[in-house]
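Encoded as C-alpha cells, the structure appears first; notes follow it.
The values are calculated or read from the model by the stated rules, or taken from the named source; none is laboratory data. Not measured: the values here are computed from a predicted model. Neighbour counts run over all protein chains shown; Cβ positions are idealised from the backbone, glycine included. Just so you know, the surface numbers come from the protein's heavy atoms only, side chains and all, with ligands and any DNA or RNA stripped out. Shrake-Rupley method; radii C 1.70, N 1.55, O 1.52, S 1.80 Å.
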Amino acid sequence: TDWYIEFATNSLGLAYTSQSLYTDEIDSSNWDEIISRPDVKVGISDPRLDSCGYRTLMVCQLAELYFEDESIMDGITGGFSPPVTVDGDNGVYSVSVPEIVAPQKAVLRGSSMRLLAILESGDIDYAFMYKSMAEQYGLGFLELPSEINLGSDGYKELVEELKVTLSFQRFASVNPEFSCQPIVYGITIPQNAPHPELAMELVQFIMGPEGQRILQDAHQPLTVPLRIDNPDNLPGELVFLTEQGSNY
C-alpha cells in the first residue's frame, strides 16, 4: 500500500461506576494515590494478550515520570510475581513482561472487555479502559493528563522512547515489542486485495457521512482534521477526503 487514512483516535483512562470507592475524591491529579489504596480494587487486562494491557503498563510508567514517583506501578498493581521490570533512564525506557503475569493487588483479565462484568458487578472499583468503551457502556470515565493517556503525542514531553517487551521464549520469533505511540485507527486497501471494489465501498462508507455518524454515535473519537499520509496517492474515489478533510 502507498496510502492510509488515520480516521479515529482514543485515549486510556479509568472507568468506574456509582459503586466505586472514592469517586467523590478522585481526579486527574490524585488518581494514582486513590487507586493504590489497600481497599480499592483495580482491573487491568493482560499485557501478553491485549493492547489495552500493555498500554496500561505504558501509562503507569509515564505516570511515574509525570508525578516523579517510582512507586506508582507497584502501588496500583501490588507488584508482580515474577516481577515486571523497567530498565532505562534519560528518556529511554523498556518494560519487560515475564512469561507469567500475576499482579499481587490488581485483578487481571484476558482483555478489557472481560473487565466490564466485574466492574459493573462491583467486584472491582476501577478498570484501565479505552474512553470509547467506557462511554459505550455508560460507565464513568476519568480522563488522565494528556502527557500519559496516549491520546496524543503528549508523552513525548516525558520520554524519548518507551516500549513494552514480552520477554519470554514463546513469542521470540515474532519480535513482541510494542513502542509507545498515540492510539490511532487507520485504514487502507492493500495493492493485492482480492476484492478491491468491495474494499473501496467499505472505505467510502466509513469515511462518508453515515459512517462518521455511526462512529460518533458509538462515542469513537474522530481524528480532526483527518490525516492522510500520502494524499497524492489516494484513489480517485477518495479524493473528496482531501477536499473536505477539515470537516471530518
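Kindly indicate whether M207 is touching a residue at least 60 places away in the same chain (Cβ under 8 Å) and among the aliphatic types (A, V, I, L, M).
Yes; evaluated as a whole, the condition is true for this residue.
Could you please let me know if F205 is in contact with a Lys or Arg (Cβ under 8 Å, 6 or more places away or on another chain), aromatic (F, W, Y) and not in a loop (DSSP other than H, G, I, E, B)?
The answer is no for F205.
Checking V86 against (1) outside any helix (DSSP H, G or I); (2) in contact with a strand residue (DSSP E or B) (Cβ under 6 Å, 6 or more places away or on another chain); (3) open to solvent by less than 50 Å² (accessible area, probe 1.4 Å): exactly one of these is not met. Which one?
(3)
Being within 23 Å of E64 (Cα to Cα) and touching a Pro at 6+ places or on another chain (Cβ under 7 Å), is that true of even one residue in the stretch 132-146?
Within the stretch 132-146, none of the residues are within 23 Å of E64 (Cα to Cα) and touching a Pro at 6+ places or on another chain (Cβ under 7 Å).
Might you let me know whether the stretch 158-165 holds any residue that is aliphatic (A, V, I, L, M), modelled with pLDDT of 95 or more, open to solvent by 30 Å² or more (accessible area, probe 1.4 Å) and in contact with a helix residue (DSSP H, G or I) (Cβ under 6 Å, 6 or more places away or on another chain)?
There is at least one residue in the stretch 158-165 that is aliphatic (A, V, I, L, M), modelled with pLDDT of 95 or more, open to solvent by 30 Å² or more (accessible area, probe 1.4 Å) and in contact with a helix residue (DSSP H, G or I) (Cβ under 6 Å, 6 or more places away or on another chain).
Out of contact with any Gly (no Cβ under 8 Å at 6 or more places or on another chain), assigned to a loop (DSSP other than H, G, I, E, B), within 21 Å of R48 (Cα to Cα) and of a type in the set (A, V, I, L, M, F, W, C) - does that describe any residue in the stretch 167-179?
Yes, the conditions are met somewhere in the stretch 167-179.
Out of the stretch 41-60, which residues are more than 15 Å from L115 (Cα to Cα) and open to solvent by less than 10 Å² (accessible area, probe 1.4 Å)?
L57, M58, V59, C60
Taking the options N10, N30, name whichever one is under 30 Å from M207 (Cα atoms) and open to solvent by less than 60 Å² (accessible area, probe 1.4 Å).
Residue meeting the stated conditions: N10.
Please go through the stretch 121-140 and pick out each residue that is in contact with a Phe, Trp or Tyr (Cβ under 8 Å, 6 or more places away or on another chain) and surrounded by fewer than 18 Cβ atoms within 10 Å (Cβ to Cβ).
Of everything in the stretch 121-140, those that are in contact with a Phe, Trp or Tyr (Cβ under 8 Å, 6 or more places away or on another chain) and surrounded by fewer than 18 Cβ atoms within 10 Å (Cβ to Cβ) turn out to be E135, G140.
For the stretch 213-242, give me each residue that is polar (S, T, N, Q), farther than 10 Å from I5 by Cβ and either free of Cβ contacts under 8 Å to residues at least 40 places away in the same chain or open to solvent by less than 60 Å² (accessible area, probe 1.4 Å) (or both).
The answer is Q216, Q220, T242.
Within 25 Å of the chain's Cα centre (by Cα), within 30 Å of V92 (Cα to Cα) and modelled with pLDDT under 95: is that true of I228 in this structure?
For I228, the condition - within 25 Å of the chain's Cα centre (by Cα), within 30 Å of V92 (Cα to Cα) and modelled with pLDDT under 95 - is met.
Are there any pairs, at least 6 apart or on different chains, whose C-beta atoms fall under 6 Å, with the first in the stretch 136-147 and under 12 Å from S28 (Cβ atoms) and at pLDDT below 95 and the second open to solvent by less than 40 Å² (accessible area, probe 1.4 Å) and in a loop (DSSP other than H, G, I, E, B), and if so, which?
Listed by first residue and then by second, the contacts come to nothing, as the list is empty.
Can you name the number of the only condition in (1) at pLDDT below 90; (2) open to solvent by 50 Å² or more (accessible area, probe 1.4 Å); (3) more than 30 Å from D87 (Cα to Cα) that R170 fails?
Only one criterion is unmet by R170, namely (3).
Could you count how many residues in the stretch 146-157 are open to solvent by 20 Å² or more (accessible area, probe 1.4 Å) and within 14 Å of the chain's Cα centre (by Cα)?
Number satisfying all stated conditions: 5.
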